[in-house]
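Peer 1: This is the structure I have questions about; it appears just below.
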Amino acid sequence: MRACNVIIRDKHYHEMHHALGCPWPDEIMGETYRNYFAIDADTETATRMRASPHWTGGTKKFGMVYFSVTDQGKRALIDHMQANVTVPARYAITFRHYDGCKLVPARSRSAAKYASYLAAEIEWPFIEYAAEIKSVRLHSVAINPAPATP
């Protein structure tokens, strides 16, 4: 699944999201792509991370300091994203002649079909690709969706 590429304006939460590999909100408490943030030891950011309960104390390796997000930090990140970040809904798409399912972020079921088509990198016409789709189901709801424009 693609990373959750969202805009997190608060630097502290942005760094935690990045350290975890940019997971979707429902994936943060589970096993993520990664859990580390490497930085020079003598920086203002490293000092701030050492003082925060959202980060481990940091370990020195290869001339850098590596921090990991704590469970308390993960919960705080989820709360922050739910209150302040716009996250699109994700749809699970299954196909008639292929096993498995594909998750795509989109605003609607029809937009999910088209987003899946664009990500497929095939040379079929869209109508043929759409004919292979068996179902499109909501996997996770949007958080703070942008208001529809008139």
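A short reminder: the numbers here are calculations on the coordinates, not readings from a lab. Keep in mind that this is a model prediction, so the values were computed, not measured. All Cβ positions, glycine included, derive from the backbone under ideal geometry; neighbour counts span all protein chains shown.
Peer 1: How far is helix 109-120 tilted, in degrees, relative to the longest principal axis of the Cα atoms in the chain, given as a value from 0 to 90 rounded to the nearest 10?
Peer 2: Around 80 degrees separate the two axes.
Peer 1: Using a simple spin-label model with points 7 Å from Cα along the Cα→Cβ vector, what separation in nm is obtained for PHE126 and ILE78?
Peer 2: 3.7
Peer 1: Using just the C-alpha positions of the chain as equal point scatterers, what log10 of I(q)/I(0) does the Debye formula give at each q in 0.13, 0.18 1/Å?
Peer 2: -0.69, -1.01
Peer 1: May I have the count of lysine pairs in the chain with C-alpha atoms under 27 Å apart, counting pairs 8 or more residues apart or located on different chains?
Peer 2: So the count works out to 9.
Peer 1: Please state, rounded to one decimal and in Å, the Kirkwood hydrodynamic radius that the range 11-84 gives when every pair of distinct Cα atoms enters the mean of 1/r.
Peer 2: Taking the inverse mean of 1/r over all distinct Cα pairs, the range 11-84 comes out at 12.3 Å.
Peer 1: Ignoring GluC sites (Glu not before Pro) that are buried or in helix or strand per DSSP, and keeping those with at most 16 other beta carbon atoms within 10 Å, what is the longest stretch of the chain between them?
Peer 2: 32-120
Peer 1: Let me ask you something else. Rounding to the nearest 10 and keeping the result within 0 to 90°, find how far the Cα-based axis of helix 71-84 lies from the longest principal axis of the chain.
Peer 2: 50
Peer 1: Can I ask one more? Give, in nm to one decimal, the length gained when the segment between LYS61 and TYR98 is fully stretched (0.36 nm per residue of separation minus the Cα-Cα distance). Before the final figure, lay out each step's value.
Peer 2: Values: separation 37, 0.36 × 37 = 13.32 nm, distance 4.47 nm.
Gain in length upon complete extension: 8.9 nm.
Peer 1: Further question: What chymotrypsin sites (Phe, Trp or Tyr not before Pro) does the range 69-140 have in DSSP loop regions with at most 14 other beta carbons within 10 Å?
Peer 2: Those that pass, being in a loop and sparsely packed, are TYR98.
Peer 1: Based on the Cβ-Cβ distance of THR70 and SER108, what FRET efficiency does E = 1/(1 + (r/R0)^6) give at R0 = 30 Å, to the nearest 0.05?
Peer 2: 0.20
Peer 1: A further question on this structure: Can you figure out the FRET efficiency of ARG34 with ASP10, using R₀ = 25 Å and their beta-carbon distance, to the nearest 0.05?
Peer 2: Step by step, r from the Cβ atoms, then E = 0.75.
Peer 1: In addition: Just to confirm the filter: which trypsin sites (Lys or Arg not before Pro) across the range 79-143 are DSSP coil and have at most 15 other Cβ within 10 angstrom of their Cβ?
Peer 2: When the trypsin sites (Lys or Arg not before Pro) of the range 79-143 are filtered for loop state and at most 15 Cβ neighbours within 10 Å, ARG96, ARG107 remain.
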